[in-house]
Amino acid sequence: MHEMSVAMSIVDIAVSQLKESDAARVLKVNVAVGELSGVEASAVEFCYSACARGTAAEGSELVIERVAARAVCPECSCEFHPEHSLAICPQCGDFGGKIVSGEELYVDQISVE
């Protein structure tokens with residue numbers, strides 16, 4: 001389950017932020033998870049509290065923003081929702097639609113005190 005390592009990385013990033021800000025604990029972590037990122041957001045949520053246990057992030061809130069997948073066809077400029085990373089345009093059938101969102105996986109904001 002690679003979501004456990006993702007959750008551990010989120011905790012590590014949040015706790016390292018404490019050192020930079022002279023804060024005592026993490027209150028909330030906002031994370032963006034794209035639909036095509038290969039990460040199951042609900043599994044990250046499940047693993048987060050276990051990973052945060054015993055750290056300055058214990059008891060903090062994890063807020064996950066799920067980012068919808070969007071692609072643009074280079075041939076006809078149609079914007080569409082791809083089913084997977086191989087984006088096939090529903091309007092003209094062209095292969096190779098450019099993914100413009102949905103592959104995100106990053107810590108967006110950390111609240112500390």
Residues of the stretch 46-69 classified as more than 22 Å from Glu113 (Cβ to Cβ) and surrounded by 16 or more Cβ atoms within 10 Å (Cβ to Cβ), total: 3
Cβ pairs under 9 Å, 6+ apart, first in the stretch 2-22 and in contact (Cβ under 8 Å) with a residue 40 or more places away in the chain, second exposed (fewer than 14 other Cβ atoms within 10 Å of the Cβ) and part of a helix (DSSP H, G or I): Glu3/Ser42; Met4/Ala50; Ala7/Ala50
Within the stretch 58-87, considering residues that are small (Gly, Ala, Ser) and part of a loop (DSSP other than H, G, I, E, B), the one farthest from Val100 (Cα to Cα): Gly59
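Which count do you get for residues in the stretch 15-34 that are within 14 Å of the chain's Cα centre (by Cα) and either crowded, with 19+ Cβ neighbours inside 10 Å or assigned to a helix (DSSP H, G or I) (or both)?
First, the residues of the stretch 15-34 that are within 14 Å of the chain's Cα centre (by Cα): 29-34.
With the extra rule that they be either crowded, with 19+ Cβ neighbours inside 10 Å or assigned to a helix (DSSP H, G or I) (or both), the set shrinks to 29, 31, 33-34.
The total comes to 4.
Among Glu83, Glu58, Glu75, which is the only one that is modelled with pLDDT under 95 and either among the hydroxyl-bearing types (Ser, Thr, Tyr) or out of contact with any Leu (no Cβ under 7 Å at 6 or more places or on another chain) (or both)?
On the way: Glu58 fails: modelled with pLDDT under 95; Glu75 fails: modelled with pLDDT under 95.
It is Glu83.
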Filter result (of a type in the set (Ser, Thr, Tyr) and either surrounded by 12 or more Cβ atoms within 10 Å (Cβ to Cβ) or within 20 Å of Val44 (Cβ to Cβ) (or both)) within the stretch 70-113: Ser85, Ser101, Tyr106, Ser111
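The values are calculated or read from the model by the stated rules, or taken from the named source; none is laboratory data. Fair warning: this is a prediction, and the values are worked out from it, not measured in the lab. FYI the Cβ positions are ideal-geometry reconstructions off the backbone, even for glycines, and counts take in every protein chain you see.
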